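Report on the structure given below.
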Amino acid sequence: MRKYHIIYHATGILLDRGAEQPVIGFIAPRIVRAINETEAFNLGKIQLFKSWKSDFNRDNKAGTPALNADQITRLKTPFKKLKLDQELLFFRDPQEAEVHLNNCKRALKHWFRI
C-alpha cells in the first residue's frame, strides 16, 4: 500500500465559542495508506468525519463540513511509520485559511515524495 499526504479544506461549519468571529472552517493535513489517490481521499475523509463528530460536533450544532482536497501527494519514505499530528487548523476568514494552507504545503517540501 502507498502512503499519501492529503491536505483537506473543510468549509460549511460554524463554531462560535465566544470569539469575535466564529470559526467557519479548517485545514487538516493527513497521511493515509491506500492503493490509489481516490481511495486515499475517501479513507481520509471517513476518518476526518469520525474525528470531527466525536471531538467537536457531538450535539450536531457545528454542522457537517464540506471537504475538498487541496493537495494529494504520494510519499516515498524509507521510514516504516510516518505520523502526522491529527490536528485541525481552524480559520475564521479566507485569508487565514490561505495562510494555513500555504504552511501545510511548505512543510511537505522537506519530506520524501514522488
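Structure values in brief
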read-out	value
Matching residues in region 9-21 - criterion: being aliphatic (A, V, I, L, M) and in a strand (DSSP E or B)	ALA10, ILE13, LEU14, LEU15
Matching residues, region 19-40, being crowded, with 20+ Cβ neighbours inside 10 Å and without any contact (Cβ under 8 Å) to a residue 40 or more places away in the chain	VAL32, ALA40
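No lab work stands behind these numbers, since they all come straight from the coordinates. Not measured: the values here are computed from a predicted model. Note: ideal-geometry Cβ built from the backbone for every residue, glycine included; neighbour counts use all protein chains shown.
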